[in-house]
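Scroll down for the structure; my scribbles are underneath it.
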Amino acid sequence: MTERDSKAWRNDAYAKVTGKAKYTDDLKFSNLLHAAPVYSDFVHAKIESVITEDAENYPGVVRVLTARDVPGANRCGQIVQDHRIFADDKIRYHGDVVAMVVAETRDIAIRASRLVRVDATPLPAVLDPERAMEADTVLVHTKHGSNILNTHKIRRGNVEQGFREAAFVIEEKFQTQFVEHAYLETEVAVCVPRADGVIEVYGSMQHPFSTRRFTSACLGVALSEIEVVGVPMGGGFGGKDDTAAIVCARTALAAKLLNRPVKMMYRRDWSIRESYKRHPYRIYYKMGVTRDGKISAMQCRIIADAGAYCSVTPWVTWRSTVQCCGPYQVENVQCDTFGVYTNNVVTGAMRGFGSPQINFAMEQMVEIAAGKAGLSGIEFRRRNMVRQGSLTITGQRLDGHKVAMEQVLEAVLGEMDYEAKLARCSFGKPDCDEWYGIGLAMSYRGVSLGAEGVDFCAAIINAQADGSILLETGIHENGQGSESALMLICARELGVDISRIRYRRASTSNIPDSGTTVASRGTIMGGGAVTLAAQELKHKIAAALCGKLHCRAEEVRFKDNYILGKTNKISFDEAMQAMFQSQQFPYAFGVFKAPRVTWDEHTGQGDAYFTWVYGCQAVELTVNKKTGKVKLLKAAAAHDVGKAINPEMVKGQFFGGMAMGTGFGLHEEIKLKDGKITNLNFNTYRIPRAMDMPEMKAILIENPDPVSPSGAKSIGEPANEIMAPAIANAIYHATGRRHFSPPIRVAVAAEEAPEEECGA
Amino acid sequence: MKLHINGKEVEVARELAEKLLVEFLREDLDLTGVKNACGIGACGACTILIDNEPLKICLMQVKDVEGRRVLTIEGMAAPDGTLHPLQQAFVEAGAIQCGFCTPGMVLTAHALLLQNPLATREEIRKAINGNLCRCTGYQQIIDAIQKAASHYQLPHEIAAAAN
């Protein structure tokens, strides 16, 4: 493999840049039916009946499906099975689907969907999560007995004592917004009944295995009777899990009942209306700081609006809890976190998974505290941040890997010339039209799922008699380039050219359930499995061929498409042929199991994650005093990625994460009025555009992680979780004003307030 | 009705005149590189070139391009499959992730560089501002476009070649 191969290599680049890549809606099927979802206009209501006759009688309509047509389980969910395939007892949010119209064309399905009527008794809508927690509030899920879905806590040291030791105490409230993933490809599924009874599912989802689980449960058939096939996917960002799986399940139901291929392609307004969002948080922080600038106590109360269904709220809020104090050592911590049911849009996984919210709060808290302590934000961080051997707030000792907090901080300070620029910040000086500011934020992040999930992954390397290689793993290609990274790991480990390797079309019928491709776990878990499979394959080859190579098996080496003994070598092609001739398959199955993690729910103590990543980002900007407009000038990020397998793709994760973080900090908010989303498309939901972004610098720090067989750690989410607080801190340095709720709007005199531009 | 698509003349039945152009290209010609991601002209995934002008076509009809030169992403590479230098630059710069915006982004950039191969990074940002990308933060896309610029002729070179 040449150096150029490894810099920006993708197995799907050619297909994507020529328009040849076939996404789900691009695939052609004969005899295809089309489906459309039916919503009601209720936000919270008891369903009396769903009246489908008029829609069913509409010319071209084949069938209208509702909850009563579901042969298996109508309720699904990864943690709590409360999410409805079709609303049955109640409507719990405005995106609940009451029926699905299946017709000969999509247009007919959409027209007929307007003829479905819902007879329901409205109930008071629960729209405020803190109000929802009160005892007298109407329940969203009566059987659950409370609107409090889940709680987590941390009890460490003695916070009262910590506050007594403090020279000063600061208390702040932060509030974050609903955020849409805004993948460019909406939810879509095509389900095809096969002659043997298996239903094939093609769709835009990032968790083929939970899609299979939801679908098989809904249809009441075995897992083996559903085959979910990997198709190029137009973005996920955590958002193509539950909802995308349910879209597949509904479509599969229609395909099974009608015995014809069925497609359901979501319109953007359906997608935004129904799909889950990033949780809005209410965050109450109280911090005690000693005279020498050390955090002596943290008291945290975190309330997450889970919306109508559980989704993965308990896992999201768990990460928030574990990381609630940022990358700082605090001996006395009390944290109480609540996930709360409301009748708002469902919330679930989104890139960051509970960290963007708390980092937005914590990284401003440390700067507020630094100001009070008479220290720079940098000095305050250095006095408090985790270092090699530190204990986290859950009592985990950070060792066994390089704790790179200082390294990432230094890198960003140097790149930005931060401290010199900090001295030039405007702090709201009255005598200029444009204020200048620079700010930074840092974080540490537990890698992969942590103590809440089963975490293991499989890979299969199947070498062929001609020396070509087929690779498959349980990791899903969401667009991030996971297949390419895993192919690179395979090529390097086997010492062969990447041109030999093809990634098998992913299918849930080929590879064991390896969990979901979320939590920035693709490269570390998939890469671990590939590395272990490659090592197993090398053992097999060495054992089979060491005689030919005149050496012992352990002396066999793999390099540059050759297999080397002590004195002679044979080509990889010849070696594979020899393997087959001696009746041995050059086939290996690798499993990487996440190292052990621990957690005590009662104290919130334990080794929460098997390793951690460290990151720092900084941004400089100007604020127009008259319009409040924020212009980003430059941004830099340093993250310890362990090992950069595909460096340009790693940088792509940096830049994309920073852009999404910019959206969270400055632009994006799903707005609800009485529980109904009012911005349902990209003209009113504004994600960052090219002109909103500054030039960005990515600094790759590499400290290969000993627990990761490939050395790689994570980057997808770390890159996304600290841009917003860096912007908030820069805006403070520019204006002298703190902003506690993203998206940040810098207040200006009312008559000059700018309208946020939308559309092109 | 005659359309000129990717250098070829295509005869189209009159009854398709009012079909949405994006659906016509995708369904009738299997040119699925053009995407329909918002349906209201707000995201740019449906961008194609019409007489070298990048247009979002999700609200246009087939008859709107009658007699005009249409270029879709499928017409960018050479017939033997060799990538256009701009496409090659996207690949090499790491400008592709999920790929859903890529066809529209490449075509928008192509139109810019045909007009202005000396475009600055600011000018590139401005040109692609209507093309949303959720994956890349645009940084490597802008790198790619800049990298490809040297393959485009300057206006005086085009004039000289024409004479």
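For this structure, a couple of remarks:
- Taking amide H atoms as placed 1.01 Å from N in the peptide plane, the amide H of A:Gln605 lies under 5 Å from those of A:Asp600, each 5 or more residues away in sequence or on another chain.
- With the alpha-carbon atoms of chain A aligned to their principal axes, the span from lowest to highest coordinate is 80, 77, 50 Å, starting with the largest.
- Distance between the C-alpha centres of the stretch A:37-114 and the stretch A:403-422: 54 Å, rounded to the whole angstrom.
- Charge tally in the Cβ shell below 12 Å around A:Ala99, where Lys, Arg are +1 and Asp, Glu are -1, A:Ala99 excluded: 0
- Stokes-Einstein D in µm²/s, Kirkwood radius over Cα pairs - chain B at 4 °C with 1.567 mPa s viscosity: 80 µm²/s
- 3J(HN,Hα) from dihedral phi, the stretch B:46-62, Karplus parametrisation 6.51/-1.76/1.60, rounded to Hz, x for glycine, proline: 9, 5, 10, 9, 10, 6, 6, 9, x, 10, 7, 9, 5, 10, 8, 9, 4
- Between A:Arg745 and A:Val198, residue separation times 0.36 nm minus the direct Cα-Cα distance comes to 191.7 nm.
- Taking Cβ atoms as reference points and 14 Å as the exclusive limit, the residues near A:Ile199 contribute a net charge of +3, counting Lys and Arg as +1 and Asp and Glu as -1.
- Förster-model FRET efficiency, 30 Å R0, A:Lys372 and A:Lys631, C-beta, rounded to 0.05: 0.55
- In the stretch A:620-756, Cα pairs under 8 Å separated by at least six residues give a relative contact order of 41 percent.
- For the stretch A:235-250, 3J(HN,Hα) per residue [Karplus equation, 6.51 cos²θ - 1.76 cosθ + 1.60, θ = phi - 60°, Hz, x = Gly/Pro]: x, x, 6, x, x, 10, 9, 3, 4, 4, 5, 5, 4, 5, 4, 4
- The amide H of A:Val62, built 1.01 Å from its N in the peptide plane, has A:Val102, A:Ala103, A:Glu104 as neighbours under 5 Å, considering only residues 5 or more places off or on other chains.
- Residue exposure sequence - A:Lys173, A:Lys713, A:Lys629 - by fewest surrounding Cβ within 10 Å: A:Lys173, A:Lys629, A:Lys713
- Euclidean distance of C-alpha centroids, the stretch A:311-368 and the stretch A:203-239, integer Å: 28 Å
- DSSP-assigned coil residues among GluC sites (Glu not before Pro) in the stretch A:126-219, each with at most 16 further Cβ atoms within 10 Å: A:Glu134
- Amide H contacts under 5 Å for A:Ser507, placed H, 5+ residues apart: A:Gly230
- Net charge contributed by nearby residues that have their C-beta within less than 13 Å of A:Glu274 (K/R +1, D/E -1): +4
- Along the stretch A:545-559 the Karplus relation, 6.51 cos²θ - 1.76 cosθ + 1.60 evaluated at θ = phi - 60°, assigns HN-Hα couplings of 10, 5, x, 4, 8, 6, 8, 7, 3, 6, 8, 6, 10, 10, 7 Hz to successive residues, with x for each Gly and Pro.
Read-outs throughout are calculated quantities, based only on the coordinates presented, and are distinct from any laboratory measurement. Since the structure is predicted, the reported quantities are computational estimates derived from the model, not experimental observations. No Cβ is skipped: glycine too gets one built from the backbone with ideal geometry, and neighbour counts run over all protein chains shown.
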